[in-house]
């Protein structure tokens, strides 16, 4: 892992710590109240705040996850060079695409 | 160079490293499924509602409890790594790892209780 990836990995971790805490609180609230899809989407659709929160979360988690998978593939599977970069970019772009699609699904009116 | 013995694998901090790595890998595998489930809302409320009703299954609740543990233990383990790398060295590293693991178990237990009570 080069210095740029190391800094990105740590920066996204620091960004996500409060986001994960909030996510856990939301999970507790939604499951304990037994919220329906209408309840959830009624709160998130058209909300710039939820769009910003989940958008940032998706980009940070995808970046963090892709770099993490790269490290594990190098250390445990012995992957090197171009294959390693392809794996990282594939995981990262795949997660960002699926994640932003999910954000659009819950925030767009 | 690989160590010649496996004695280090009995060290609490090595176990903390392994838990952090495996929880991260598990979360990376789960994330696409999570995004696909939320993406069901694109096809309308009814599809997402159908999925939410499926998650009321006790086995799914148990799996969700595991996911809450993975998320909490990976976050707390990550904060531990950030503390090690950015703050002055502390002698009580094993205690910090123990607190992180225990707090994650408490978070998962609280979630489980919130859905079964």
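The values are calculated or read from the model by the stated rules, or taken from the named source; none is laboratory data. Just so you know, these numbers come straight off a predicted model, no measurement behind them. Here Cβ is always computed from backbone atoms with ideal geometry, including for glycine, and neighbour counts include all displayed protein chains.
Some points to look at:
- Test result for residue B:95, in a loop (DSSP other than H, G, I, E, B) and either loosely packed, with under 12 Cβ neighbours inside 10 Å or facing another protein chain (nearest Cβ under 8 Å) (or both): no
- Qualifying residue in region A:51-62 (condition: in contact (Cβ under 8 Å) with a residue 60 or more places away in the chain and on the phi < 0 side of the Ramachandran plot): no
- Matching helices (runs of 4 or more DSSP H) fully within chain A where at least 3 residues are within 19 Å of the chain's Cα centre (by Cα) and under 22 Å from residue B:55 (Cα atoms): A:3-33, A:81-107
- Screening the candidates A:34, A:68 for the property of being surrounded by fewer than 14 Cβ atoms within 10 Å (Cβ to Cβ) and either touching a residue at least 12 places away in the same chain (Cβ under 8 Å) or at the interface with chain B (Cβ under 9 Å from one of its Cβ atoms) (or both) yields one hit, A:34.
- Hits in region B:14-47 (condition: farther than 30 Å from residue B:78 by Cβ and in contact with a helix residue (DSSP H, G or I) (Cβ under 8 Å, 6 or more places away or on another chain)): B:42, B:45, B:46, B:47
- Residues satisfying the stated conditions in region A:19-31, i.e. at the interface with another protein chain (Cβ under 10 Å from one of its Cβ atoms) and under 16 Å from residue B:78 (Cβ atoms): A:19, A:20, A:21, A:23, A:24
- Scanning region B:27-44 for residues that are over 20 Å from the mean Cα position of the chain (by Cα) and more than 8 Å from chain A (Cβ to nearest Cβ) turns up B:43, B:44.
- Looking at A:51, A:13, just one residue is touching a helix residue (DSSP H, G or I) at 6+ places or on another chain (Cβ under 9 Å), more than 10 Å from every other protein chain (Cβ to nearest Cβ), crowded, with 16+ Cβ neighbours inside 10 Å and at pLDDT 95 or above, and that residue is A:51.
Condition check ((1) surrounded by 13 or more Cβ atoms within 10 Å (Cβ to Cβ); (2) assigned to a helix (DSSP H, G or I); (3) within 12 Å of chain A (Cβ to nearest Cβ)) across all residues:
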{"residue": "B:25", "(1), (2), (3)": "yes, yes, yes"}
{"residue": "B:46", "(1), (2), (3)": "no, yes, yes"}
{"residue": "B:59", "(1), (2), (3)": "no, yes, no"}
{"residue": "B:64", "(1), (2), (3)": "yes, yes, yes"}
{"residue": "B:68", "(1), (2), (3)": "yes, yes, yes"}
{"residue": "B:73", "(1), (2), (3)": "yes, yes, yes"}
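- Condition check for residue B:59: more than 21 Å from residue A:104 (Cα to Cα) and touching a residue at least 40 places away in the same chain (Cβ under 8 Å): no
- One residue stands out in region A:73-89 among those that are under 20 Å from residue B:32 (Cα atoms) and within 12 Å of another protein chain (Cβ to nearest Cβ): the one that is surrounded by the most Cβ atoms within 10 Å (Cβ to Cβ), namely A:88.
- Residues of region B:77-89 that turn out to be under 22 Å from residue B:26 (Cα atoms) and more than 9 Å from chain A (Cβ to nearest Cβ), as a count: 2
- Region B:101-111 - residue that is closer than 24 Å to residue B:29 by Cβ and modelled with pLDDT of 95 or more and, of those, nearest to the other protein chains (Cβ to nearest Cβ): B:107
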